[in-house]
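Reviewing the structure listed below.
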Ligand code: G4P
């Protein structure tokens with residue numbers, strides 16, 4: 001689910017789970033006055049800041065189907081983590097606030113979906129609150145991101161006066177009734193056209209006119225263009241009072257593509273029936289104070305997973321035992337015994353794994369590595385207490401492995417003062433917080449005056465390093481040589497004056 005912060009992602013996640021009866025009632029997840037304790041938010045810092053920092057997996061069983069819902073951090077600074085999550089999905093829900101439409105973070109995340117050809121279903125949320133005209137919102141989607149909206153339902157009543165939803169095509173009308181506190185499923189009543197016209201008056205007539213207009217412009221669902229990322233089915237609703245959430249669930253089941261063959265590093269599709277293979281898309285340590293461990297989130301790409309299987313870790317060729325595989329539901333975990341393509345399993349004691357790694361059974365397979373975003377913020381980290389150097393090293397190594405931050409080093413700077421590289425500055429806060437609380441090695445950070453990282457090579461490194469406004473370091477995770485450069489003007493001057501030196505963009509795909 002991709003959205004700008006505050007569009008209602010946590011609320012909708014919870015409403016979907018509620019509908020599928022994964023949790024008994026919304027009240028069980030967040031009691032009154034404690035709105036922030038939502039299932040998928042669990043870190044102390046997330047609660048304090050009111051944003052989702054990590055990406056939890058939520059499994060929903062509904063009507064004979066299994067949906068694995070991956071939460072993505074909405075904050076701009078966590079785009080790197082989000083990108084990795086989007087490498088593990090088959091479909092995305094783009095959530096919009098009816099009053100705000102497309103917001104900056106939604107746009108950025110949408111671009112990642114487009115680059116990865118992930119089909120997108122749009123949910124216009126908060127229709128119970130004053131907002132914009134529905135046709136205007138559709139127009140914005142089409143004009144700004146070139147995605148053709150094809151509404152699957154249409155609201156009766158303007159935003160703020162939400163009466164019900166008309167299905168497209170078909171025209172069945174569902175009148176919605178509020179339930180106190182939104183703590184249970186909303187009551188829905190089906191009316192025929194005559195009853196609806198009597199009950200809703202002018203709001204019904206207006207919706208009818210808008211529907212005629214939609215029919216004229218041919219804004220009808222088309223599977224081929226949806227799967228190709230050219231059009232997006234649109235649903236209207238309100239997550240908080242639980243209106244229109246059942247329709248979203250039914251749409252996901254009916255339209256979201258089922259797991260299909262994933263291309264391996266050589267571009268060959270790996271059929272879902274092939275022996276087990278999975279992609280590590282997220283690493284997390286110390287999720288729960290009671291279980292201090294390192295956990296790998298793996299998307300099953302092919303085959304059947306059975307707990308206890310011994311898999312092969314493609315990067316090292318070493319065996320990996322899966323005795324302790326789990327399903328994670330927010331902060332709760334339970335052991336799972338089998339999993340199928342599209343499922344997410346959490347493997348504990350996964351210290352040897354890294355994001356982008358492949359695990360497999362049978363003949364070797366390796367999926368393409370997940371590209372990372374180019375960092376734009378850099379700071380030197382030092383332990384405030386020199387006596388805790390061991391803890392400091394362990395913590396930095398761990399956060400590097402998890403991909404919370406990139407760690408760079410050079411002989412000049414030495415081991416005790418690595419350079420941390422981040423896509424957004426909030427990543428530094430997460431590192432400082434976790435270093436102090438989990439690894440008991442508080443750090444101080446000195447920000448560096450660089451904003452660009454470029455890939456270089458051993459031949460160019462000494463000359464680049466000697467230039468003003470530039471410095472060359474080694475990225476620990478992949479031993480790549482990175483040139484940090486003051487700003488883009490400085491980069492241009494360097495490239496103009498030294499055309500022979502290598503200063504390549506970090507990502508071939510241009511997502512920098
Ligand atoms: P996020 O995860 O995308 O950041 O958003 P979240 O679900 O936390 O929702 C952001 C705010 O929007 C919350 O209000 C939430 O109650 C509200 N909200 C979400 N969906 C709807 C909806 O359909 N209708 C209305 N009216 N509000 C909605 P808050 O003020 O931040 O928290 P609280 O005061 O409700 O506890």
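The values are calculated or read from the model by the stated rules, or taken from the named source; none is laboratory data. Note that the structure is predicted; figures quoted are calculated from it, not measured. Ideal geometry is used to build each Cβ from the backbone, glycine not excepted, and the neighbour counts take in all protein chains shown.
Among residues belonging to segment 359-387 that are closer than 28 Å to residue 87 by Cα and over 26 Å from the mean Cα position of the chain (by Cα), point out the one that is surrounded by the most Cβ atoms within 10 Å (Cβ to Cβ).
Here the answer is 361.
Hey, any hits in segment 230-244 for a residue that's within 28 Å of residue 358 (Cα to Cα) and away from the ligand (no atom under 16 Å from the Cβ)?
The answer is no, given that none of the residues of segment 230-244 is within 28 Å of residue 358 (Cα to Cα) and away from the ligand (no atom under 16 Å from the Cβ).
Please work out which one of (1) under 27 Å from the mean Cα position of the chain (by Cα); (2) surrounded by 16 or more Cβ atoms within 10 Å (Cβ to Cβ) is the condition residue 409 fails and give its number.
The number of the failed condition is (1).
Filter segment 109-131 down to residues that are closer than 20 Å to residue 254 by Cα and at pLDDT 95 or above, then give me how many there are.
6
Go through segment 182-287 and tell me which helices (runs of 4 or more DSSP H), entirely inside it, have 2 or more residues that are modelled with pLDDT under 95.
Here the list reads 193-200, 202-217, 245-255.
Among the residues of segment 72-108, write down those that are within 12 Å of the ligand (Cβ to nearest atom), in contact with a strand residue (DSSP E or B) (Cβ under 7 Å, 6 or more places away or on another chain) and at pLDDT below 85.
Scanning segment 72-108 gives 72, 74.
Let's see how each residue does on (1) more than 21 Å from residue 208 (Cα to Cα); (2) part of a helix (DSSP H, G or I):
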| position | (1), (2) |
| --- | --- |
| 114 | yes, yes |
| 117 | yes, no |
| 122 | yes, no |
| 128 | no, no |
| 132 | no, no |
| 136 | no, yes |
| 140 | yes, yes |
| 144 | yes, yes |
| 149 | no, no |
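Let's see how each residue does on (1) touching a helix residue (DSSP H, G or I) at 6+ places or on another chain (Cβ under 8 Å); (2) within 27 Å of residue 357 (Cβ to Cβ):
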{"site": "429", "(1), (2)": "yes, no"}
{"site": "441", "(1), (2)": "yes, yes"}
{"site": "448", "(1), (2)": "no, no"}
{"site": "451", "(1), (2)": "yes, no"}
{"site": "454", "(1), (2)": "yes, yes"}
{"site": "457", "(1), (2)": "no, yes"}
{"site": "472", "(1), (2)": "yes, no"}
{"site": "476", "(1), (2)": "yes, yes"}
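Could you list, in sequence order, all residues of segment 135-172 that are within 18 Å of residue 3 (Cα to Cα) and within 16 Å of the ligand (Cβ to nearest atom)?
137
Which fully enclosed strands (runs of 3 or more DSSP E) of segment 435-512 have 3 or more residues being touching a residue at least 60 places away in the same chain (Cβ under 8 Å)?
443-447, 470-475
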